[in-house]
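Single-structure report; data block below.
The values are calculated or read from the model by the stated rules, or taken from the named source; none is laboratory data. All values reported here derive from a predicted model rather than from experimental measurement. Virtual Cβ from ideal backbone geometry, glycine too; neighbours counted across all protein chains shown.
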Amino acid sequence: MTSSIQTPEIAVSEWFNTPEPITLASLRGRPVFLHAFQALCPGCVTDAIPQLHKLEQVFGKTDLAIVGIHTVFEHHAAMSPVTLKAFLHEYRIKSPVGVDLADEHSDIPITMQRFALRGTPSSILIGRDGNIINQTFGVEADLVLGARIAMALSERAPDLGSTDDGEKQADGCAGGVCAAA
């Protein structure tokens, strides 16, 4: 299901809703839903943020990582960290949100450039292997996005802590799989 498009790293100047900075490399092994938005984007407010809340409800107990990128390519003066903090509170956004790093030579921030985003809202679904599965400008239908995420979640997570020697253990387990007795 995953493509061979390697995911660039995000560039963030400030984080909200997380005690530590996040990198996509640190999330490898988990599917990631990366959503790019702006506080003053009408489509973000009316469509993308409500969809984000649905994703949190449906997939909140899975290992899906939901990460927001506040990518400002217009109205820079109105988009201060104080404004974003109030926006996140008002719209009850609990997932980590990073502020896309400004480019001193362009109005288009770094992460937006790296992912060739055309505007907001945009989303990128990244597989467990770190490759981009899907990238969307606008908002996909809930059912389509849910199916994409479910398929990404169903991909086998890498077992980084065990060896597969094929020998059956006393508890009926072998190679990371346990059979019913």
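Values computed for the structure shown
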| read-out | value |
| --- | --- |
| Members of segment 53-90 found to be in contact (Cβ under 8 Å) with a residue 24 or more places away in the chain, among the hydrophobic types (A, V, I, L, M, F, W, C) and more than 15 Å from Asn17 (Cα to Cα), listed by number | Leu55, Val58, Phe59, Leu64, Val72, Phe73, Ala78, Met79 |
| Single condition Arg148 does not satisfy, out of (1) without any contact (Cβ under 8 Å) to a residue 60 or more places away in the chain; (2) surrounded by fewer than 18 Cβ atoms within 10 Å (Cβ to Cβ); (3) under 18 Å from Thr62 (Cα atoms) | (2) |
| Residue identified as among the small types (Gly, Ala, Ser) and either at pLDDT below 95 or touching a Phe, Trp or Tyr at 6+ places or on another chain (Cβ under 6 Å) (or both) among Ser154, Ser123 | Ser154 |
| Flag for Ala86 being of a type in the set (Gly, Ala, Ser), surrounded by fewer than 18 Cβ atoms within 10 Å (Cβ to Cβ) and farther than 20 Å from Asn131 by Cα | yes |
| Subset of segment 89-122 [farther than 20 Å from Pro50 by Cα, surrounded by fewer than 19 Cβ atoms within 10 Å (Cβ to Cβ) and not aliphatic (A, V, I, L, M)] | Asp103, Glu104, His105, Ser106, Asp107, Gln113, Arg114, Arg118 |
| Of residues in segment 82-132 being hydroxyl-bearing (Ser, Thr, Tyr) and assigned to a loop (DSSP other than H, G, I, E, B), the one farthest from the chain's Cα centre (by Cα) | Ser106 |
